[in-house]
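The values are calculated or read from the model by the stated rules, or taken from the named source; none is laboratory data. As the structure is a prediction and not an experimental result, all values here were calculated from the model. Using ideal geometry, Cβ is built from the backbone for each residue, glycine included, and neighbour counts are taken over all protein chains shown. Remember, those area values only see protein heavy atoms, side chains included, never the ligands or the DNA or RNA. Shrake-Rupley method; radii C 1.70, N 1.55, O 1.52, S 1.80 Å.
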Amino acid sequence: MLYIRNILIEEDIVSSYFECNLQKCKGACCTFPGEFGAPLANEEIYAVEACLPQAMKYLSEKSKRYIEGNGWFDSSSNGLTTKCIGKKDCVFVYYDGKIAKCALEKAFFNKETVFRKPISCHLFPIRVSNGKDKRLYYMQIDECKNARKTGKQNNIKLAEFLCEALKRAYGAEFYQDLKEYIDELYAKDSFLIRY
């Protein structure tokens, strides 16, 4: 376990290979079966509301009707989350062929909004546990097995693949400290690479 700038980081985050391979997983992280979608921070409710009109135009009619009738987020004992349609797709999923993608992110990449997507989505497969200390851990799922293979083939570690998301969540200085730690470990060959 690492401790950088008051954040606990599990070793798997710096020692595992990872690079998303959408052609293989088909955007599985946006379509997990379950009652709840992506975890949301309080301030993200307002951010999503601000870009909802731009994101809605990329959604199917079914998704638009669902949001109009049910809203797009839930508040429960699990905290704030996006809603799921049919206990599967996040309400913001649209399909590019057979690949599930995010309408919020599409609007962002088309320069129509300034909010990319919830930070929990951007950080995935890193998850955040908020206890006495904030802890980052790697959620390994079967759907990402090809991402682990692709990362190994291209020599990309999970923390490096999620560089932009980690900077967005915790700042450039946090990421720089993390990267220096990774570089030092690799220079010493002092830990086991996992994949």
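Brief remarks on what is shown
- Pair-distance profile P(r), taking every C-alpha pair of the chain, with 5 angstrom steps and integer %: 1, 7, 14, 19, 19, 16, 12, 7, 3, 1, 0, 0
- Heavy-atom accessible area order for Val93, Val114, largest first, 1.4 Å probe: Val114, Val93
- Extents of the stretch 84-164, largest first, come to 37, 31, 30 Å (Cα atoms, principal axes, whole angstrom).
- In the stretch 73-107, the trypsin sites (Lys or Arg not before Pro) that fall in loop regions by DSSP, at most 15 other Cβ within 10 Å: Lys87, Lys88, Lys98
- Phe109 exposes around 110 Å² of accessible area when a 1.4 Å probe is run over every protein chain in place.
- Cut-off 14 Å, label 7 Å out along Cα→Cβ of Leu22, residues of the stretch 65-100 by amide N: 93-100
- Percentage relative contact order, the stretch 1-117, counting C-alpha pairs under 8 Å, at least six apart: 30
- Largest-first ellipsoid semi-axes for the stretch 141-180, taking √(5λ) over the Cα gyration tensor eigenvalues, angstrom: 23, 11, 6
- For the stretch 65-120, the mean projected area of the C-alpha convex hull, equal to one quarter of the hull surface, is 4.9 nm².
- Sorting Glu43, Glu184 by solvent-accessible area of protein heavy atoms yields Glu43, Glu184, largest first, with a 1.4 Å probe.
- Residue pairs, from the table Lys57/Lys149; Lys87/Lys179; Lys101/Lys152, whose Cα atoms sit over 31 Å apart: Lys57/Lys149; Lys87/Lys179
- The alpha-carbon atoms of the stretch 120-161, seen along their principal axes, cover 37, 20, 14 angstrom, with the largest extent given first.
- By the equivalent-ellipsoid construction on the alpha carbon gyration tensor, the stretch 1-76 comes out with semi-axes of 31, 19, 12 Å, ordered largest to smallest.
- Efficiency of FRET from Cβ geometry, Asn6 and Tyr181, R₀ 22 Å, rounded to 0.05: 0.90
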